[in-house]
Amino acid sequence: MEQLSSHVRRTGEWTAPARMAIAVVAVLAVIAIAAAARADVKPGEVITAANASKVRDLVSPGVYYKVVNGMSMKIVPTGQIDWPPPYKDATEKYSAQVRLSRDNRSLVGYVAGQPFPLIDTNDPQVATKIMWNNVFRPLLTDDYDLRFYDCESVYGGLNKPNNVIQYYQIGHYAGYDLVGRVEVEPMPVDPDFKKTNRLWLFGLYPVLSPQAERGSGFIRFRYEQPDRGDDDWSWNPGDRRIRRLNEALQSTATSAQTWNPDHYSGFNAKTEEYNYKFLGDRPMLGVAHAEHSPELKCSTDGGASACPEAWEMRNMYIVEASPRREVISQALQGKTIIYMDSEMWYQPYIDEYDQKGQLWLNHIWWTTYRDRPVPDARVAIYPFKREFEVGAVATDVQSGFATMCYLPGLQTPERECWYINMGAVDKSFFTTDAMVKAAP
């Protein structure tokens with residue numbers, strides 16, 4: 001983001017006509033979604049492999065592969081999602097001053113909230129603006145700590161048994177944003193940003209299972225400068241070494257699982273390192289009001305997904321992301337197709353294609369909308385509803401190999417799982433020293 005630090009200042013709120021335009025667009029979107037739902041699938045229907053053709057045009061090719069291979073869907077009415085009030089207030093306060101840089105790759109004037117709340121699908125730069133909205137989305141804005149979740153790697157398929165190849169359990173999946181903070185001080189920008197130009201910090205550690213990887217971990221820093229790649233470090237207690245990782249590895253899965261860091265939580269690669277093309281917007285199925293937490297292990301696809309779960313018609317922006325080879329020549333993907341929910345601004349799913357143009361990886365995220373991550377939460381309770389991830393799967397559709405993650409875990413001691421914008425972690429968590437000391 002160009003000259004970000006010089007633009008941390010207050011601007012006027014949205015005008016009444018702007019508010020009215022957003023309201024009209026929202027109403028039209030709901031009407032369109034409802035009409036599409038009546039025409040294609042109806043609430044109450046259950047979609048299985050036997051009638052998968054009914055949703056072929058309502059999901060991505062990767063999701064359709066999952067349904068054909070045993071993942072069932074329970075169709076429910078479309079529900080409404082509101083942004084957290086602090087995020088909405090910040091959008092009204094700051095969005096009028098945000099614009100793209102001269103090369104149309106970076107942001108200028110961003111402080112907090114959504115950078116581009118008024119999306120015009122005829123805008124030549126609409127795809128890039130959608131992707132910057134993805135960077136500063138309402139899901140996670142200040143800090144988060146996902147405590148004790150687990151994952152299973154399996155070979156999925158229609159009516160296959162649940163044979164777990166590898167079981168994973170992670171102590172913390174955490175992040176800290178230095179820019180765009182709306183709920184926890186310092187707001188809206190951490191003063192450390194002016195010194196380090198770090199936009200956000202991420203840490204995944206310690207790995208608690210499998211035993212061969214116990215104690216290992218991973219830390220990642222994202223920077224403001226468009227031409228500066230991420231800093232990444234890993235810790236392996238076996239050889240007791242901190243390793244500096246090549247940024248190209250972030251688009252590659254490691255060990256016996258299918259997740260890569262660039263897709264841990266939606267499309268998370270560095271925005272300026274990709275070119276974007278807008279492919280359209282239309283109603284499609286997605287999970288935004290999941291009914292289960294912990295998620296249900298799907299019994300009809302070998303445990304390679306969560307099912308049955310509530311799928312509803314959502315309005316999606318569809319964007320193609322292709323790596324800029326002059327910047328990241330080692331990226332394995334040829335392109336990634338992102339399906340962005342235009343209301344919650346998170347991706348229900350993403351499809352990745354190899355360099356031959358063949359569908360390679362599918363990612364699905366199951367989210368729910370409520371004031372707590374699990375119904376019996378005692379600590380992680382909010383004064384308003386927000387979105388929580390409750391399940392996620394990455395599938396190699398060329399082999400059937402999948403890693404399904406449960407948030408909260410099925411076999412973990414922590415049940416509340418998500419602590420979002422509660423000051424649960426600070427910058428001290430995201431150091432190599434802290435990662436080493438946390439290793440059991």
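Output the residue which, of all residues in the stretch 132-161 that are more than 19 Å from the chain's Cα centre (by Cα) and outside any strand (DSSP E or B), is nearest to residue 190 (Cα to Cα).
This residue is 156.
Within the stretch 74-85, is there a residue that is assigned to a loop (DSSP other than H, G, I, E, B), open to solvent by less than 10 Å² (accessible area, probe 1.4 Å) and of a type in the set (Gly, Ala, Ser)?
No: zero hits.
Take the residues in the stretch 381-414 that are under 25 Å from residue 349 (Cα atoms) and more than 19 Å from the chain's Cα centre (by Cα); name whichever of them is least open to solvent (accessible area, probe 1.4 Å).
So, considering only residues that are under 25 Å from residue 349 (Cα atoms) and more than 19 Å from the chain's Cα centre (by Cα), the one least open to solvent (accessible area, probe 1.4 Å) is 400.
When you check residue 384 against the structure, is it in a loop (DSSP other than H, G, I, E, B) and of a type outside the set (D, E, K, R), yes or no?
In short, yes.
Out of curiosity, is residue 93 open to solvent by 30 Å² or more (accessible area, probe 1.4 Å) and either hydroxyl-bearing (Ser, Thr, Tyr) or over 20 Å from residue 267 (Cα atoms) (or both)?
yes
Any idea which of 233, 200 is at pLDDT 95 or above and either part of a helix (DSSP H, G or I) or closer than 30 Å to residue 110 by Cβ (or both)?
Unique residue meeting the criteria: 200.
For the stretch 55-66, which residues satisfy the criterion of being in contact with a strand residue (DSSP E or B) (Cβ under 6 Å, 6 or more places away or on another chain) and either more than 12 Å from residue 395 (Cβ to Cβ) or assigned to a helix (DSSP H, G or I) (or both)?
55, 58, 59, 61, 62, 63 - these are the residues of the stretch 55-66 that are in contact with a strand residue (DSSP E or B) (Cβ under 6 Å, 6 or more places away or on another chain) and either more than 12 Å from residue 395 (Cβ to Cβ) or assigned to a helix (DSSP H, G or I) (or both).
Please go through the stretch 276-321 and pick out each residue that is in contact with a Phe, Trp or Tyr (Cβ under 8 Å, 6 or more places away or on another chain), open to solvent by 30 Å² or more (accessible area, probe 1.4 Å) and under 18 Å from residue 351 (Cβ atoms).
278, 281, 320
Residues of the stretch 230-245 being within 23 Å of the chain's Cα centre (by Cα) and open to solvent by less than 20 Å² (accessible area, probe 1.4 Å), which ones?
230, 231, 232
For residue 88, all conditions in the list (1) surrounded by fewer than 19 Cβ atoms within 10 Å (Cβ to Cβ); (2) free of Cβ contacts under 8 Å to residues at least 60 places away in the same chain; (3) assigned to a loop (DSSP other than H, G, I, E, B) hold save one; what is the number of the exception?
Of the numbered conditions (1) surrounded by fewer than 19 Cβ atoms within 10 Å (Cβ to Cβ); (2) free of Cβ contacts under 8 Å to residues at least 60 places away in the same chain; (3) assigned to a loop (DSSP other than H, G, I, E, B), the odd one out for residue 88 is (3).
Counting just the residues of the stretch 330-377 that are polar (S, T, N, Q) and in contact with a strand residue (DSSP E or B) (Cβ under 8 Å, 6 or more places away or on another chain), which one comes out modelled with the lowest pLDDT?
So the residue we want is 333.
Just checking, does the stretch 336-356 include any residue being touching a Gly at 6+ places or on another chain (Cβ under 6 Å), over 27 Å from residue 419 (Cα atoms) and assigned to a strand (DSSP E or B)?
So far as the stretch 336-356 goes, yes, one or more of its residues are touching a Gly at 6+ places or on another chain (Cβ under 6 Å), over 27 Å from residue 419 (Cα atoms) and assigned to a strand (DSSP E or B).
Pick from 220, 181: which is assigned to a strand (DSSP E or B), open to solvent by less than 20 Å² (accessible area, probe 1.4 Å) and modelled with pLDDT of 95 or more?
220
Would you mind finding the one in 227, 192 that is at pLDDT below 95, surrounded by fewer than 16 Cβ atoms within 10 Å (Cβ to Cβ) and out of contact with any Gly (no Cβ under 9 Å at 6 or more places or on another chain)?
After applying the criteria, what remains is 227.
Of all residues in the stretch 127-147, count the ones that are open to solvent by 10 Å² or more (accessible area, probe 1.4 Å) and aromatic (Phe, Trp, Tyr).
2
Rundown of residues vs (1) small (Gly, Ala, Ser); (2) surrounded by 19 or more Cβ atoms within 10 Å (Cβ to Cβ), yes/no style:
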residue: 120; (1), (2): no, no
residue: 149; (1), (2): no, yes
residue: 156; (1), (2): yes, yes
residue: 161; (1), (2): no, no
residue: 165; (1), (2): no, no
residue: 173; (1), (2): no, yes
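The values are calculated or read from the model by the stated rules, or taken from the named source; none is laboratory data. These numbers come from a predicted model, not from an experiment. When we count neighbours, we look across all protein chains shown, and the Cβ atoms used for this are built from the backbone with ideal geometry, even at glycine. To get the accessible areas, we keep the full protein, side chains included, count just its heavy atoms, and leave off ligands, DNA and RNA. Shrake-Rupley method; radii C 1.70, N 1.55, O 1.52, S 1.80 Å.
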